[in-house]
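Notes to accompany the following structure.
The values are calculated or read from the model by the stated rules, or taken from the named source; none is laboratory data. All figures in this text were calculated on a predicted structure; none of them were measured in a lab. FYI the Cβ positions are ideal-geometry reconstructions off the backbone, even for glycines, and counts take in every protein chain you see. Remember, those area values only see protein heavy atoms, side chains included, never the ligands or the DNA or RNA. Shrake-Rupley method; radii C 1.70, N 1.55, O 1.52, S 1.80 Å.
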Amino acid sequence: MDCSIVSYEENRLDALRSWDADWSGLRVVVTGISKTGFSVADTLAELGARVVVVAASDDDDARAHADTLRIVGVSDVILGEATSTVLPLVDGQQAELVVTSPGFKPTHPLLAAAADAGIPIWGDVELAWRVQTKAGRKTAQWITITGTNGKTTTTTMVESMLQGAGLRAIAAGNIGTPILDAVRDPQGYDVLAVELSTFQLHWTESLEPVSSVCLNLAEDHVDWHGSFAAYAADKAKIYENTRVACIYNAEQIETERMVQEADVLDGCRAVGFTTGLPSISMVGVVEGLLVDRAFIAERKDSAVELANVSDIGDLVPRHLVANAAAAAALVLAYGLSPADVRKGLQKYHNGEHRIQPVASSEGVLWVNDSKATNPHAAAASLAAFNPVVWIAGGLSKGVDYDELVQAQAARLKAVVLIGSDSSALAASLAHHAPNVPVIAVRKPLLDGDAVMALAVAEAAALAADGDTVLMAPASASMDQFTSYAHRGQAFMDAVRELMESRASAKKES
């Protein structure tokens, strides 16, 4: 390739730092056509770029999205598995940029071809950061959140605190609203609470958040990243270029090391959060109170009360307290007051499928934590209850369950396994919890709702007064369910039917 061409393309991309920059005619390939890919292609077309979209899906939704994109000015849309691995030309020439959806691994043939050709690759978040500034529209500050677990909870807590303070704010990114939809809002936002997955962080380079956090780090998504080290390195990118405060987990040294090694802007502080007594420059807990020893002048010998832990909700396990402490640190760095933190927590609703009490009957508490899609999240759930009849299993994503089972074995009264192949979890249970009964729902060809109904029936037969039946699968859901939400709803439906059946039986007797 001609080096002068590469230099020209790099210089042009480097100049694209606002909506009002010259995007016209830029040749871009966009991968994916679902929510993220659609928002990327739509944005670039509006900017005047020449866009070709490539997607493996070719169903009714994909074709409908393709029709819409062609109407708004996308040059071409190529659908189908066979063509989705080929890097296409744009207007007969090589692309100058690829913007990829999070689901595409870096090893995907199309992305590998782009990398080999020296074509820059961005994600939707990088594009959003570059186009957010527009004449006549408010430019939002960003607060960025990542971590193996707790991202969505912390992000929505931050959103609640910001909105409680009277700011126009929204949770976006890897949660609900696509980040590009948020930055293109005509009215504009004061602040964006941006949840970022490692998939998204992998393709970022320019973000400059006000405050940022990596909540925790545990093995996950090894199949996408190729190794735990690569996964951790992408998580650490959350701290790059942070302006005011990098928030780290004082109970996990890995996150503090990320901050120490990050290239932040001058004046940026390191602030810890903990579920225990806070040291100087930390947010933590003292006798049931969430307190601040980081953002007050007298932090050497005093702390300021932010909220009661009970303000968070009725069922507040330790990891939920940690999420609240992290969220508080993030917004205090932005400039919110202790009263804003308390108000936000009091208004906060944790949502479904996250440590969600479903029923209490005959002394047994039934809890839905379908959002616990990996061992680290399941460990946090299990640690909140004892004894537990545990419903678990599903798509493992290549993770190891030994540490989880070793740490939580004493809490387990019994385990009910779901999933089309939960052999890895079963093997860990057999090795590290050999005395715990394990019942496998061996109906892999049944639909997920039927599988869950059987699992709930098995759990009901095992649980007694004082037990908790906890559905925290430690696995992804896509083998038997369409999503973790579908799995959680199936659990709630099955429990509700069980409760109705018991009530009917009592009436008849």
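Leaving out ligands, DNA and RNA, and with a 1.4 Å probe, what % of the accessible surface on the chain is carbon or sulfur?
Carbon and sulfur together cover 50 percent of it.
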Revision key, fill the gap. For residue 507, the aspartates and glutamates lying under 16 Å Cα to Cα, once residues fewer than eight places off in the same chain are dropped, come out as 362, 497
Practice item. Give the peptides 118-128, 402-412 in descending order of average Cβ contacts within 10 Å, highest first. Key: 118-128, 402-412
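State which helices in the chain qualify, where a helix is a whole DSSP H run, it must extend 24 Å or more along its own axis by its Cα atoms, and its mean Kyte-Doolittle hydropathy must be at least -0.5.
Numbers: long enough: 318-334 (25 Å, 1.28); 484-508 (36 Å, -0.87).
Membrane-span-like by this criterion, though nothing is claimed about a membrane: 318-334.
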Practice item. Could you check what % of the DSSP bridge pairs in segment 182-302 are antiparallel, to the nearest 5? Key: 25 percent
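What does the C-alpha gyration tensor say about the overall shape of segment 384-509? Classify as rounded when a/c is under 1.5, otherwise prolate if a/b is larger than b/c, or oblate.
Values: a/c = 2.15, a/b = 1.30, b/c = 1.65.
Because a/c hits 1.5 or more and a/b fails to exceed b/c, segment 384-509 counts as oblate.
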Review point. Given a Förster radius of 22 Å and the C-beta distance between residue 403 and residue 427 as r, what FRET efficiency does 1/(1 + (r/R0)^6) yield to the nearest 0.05?
Key: 0.95
Review point. Can you work out the base-10 log of I(q)/I(0) for the chain at q = 0.08, 0.11 1/Å, using the Debye formula on its C-alpha atoms alone?
Key: -0.55, -1.00
Review point. Using all Cα-Cα distances in segment 89-174, what percent lands in each 5 angstrom bin from 0 up to the longest?
Key: 3, 11, 16, 16, 16, 13, 11, 8, 5, 2, 0
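Take the alpha carbon atoms of segment 305-390, find their radius of gyration, then divide it by 2.2 N^0.38 Å using N residues; give the quotient. Present the calculation step by step, with values, prior to reporting the outcome.
Details: Rg = 14.6 Å, N = 86, 2.2 N^0.38 = 12.0 Å.
So segment 305-390 has a normalised radius of gyration of 1.22.
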**Study point:** Residues with amide H under 5 Å from that of residue 248, placed H, sequence gap 5 or more
**Key:** 271, 272, 273
Study note, to complete from the structure: Rounded to the nearest 10 Å², the 1.4 Å probe accessible area of residue 396 is 40 Å²
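Among the listed pairs 237/371; 35/138; 237/343, give every one whose C-alpha distance is greater than 29 Å. Walk me through the intermediate numbers first.
On the way: 237/371 24 Å; 35/138 24 Å; 237/343 31 Å.
Check vs 29 Å cut-off fails for 237/343.
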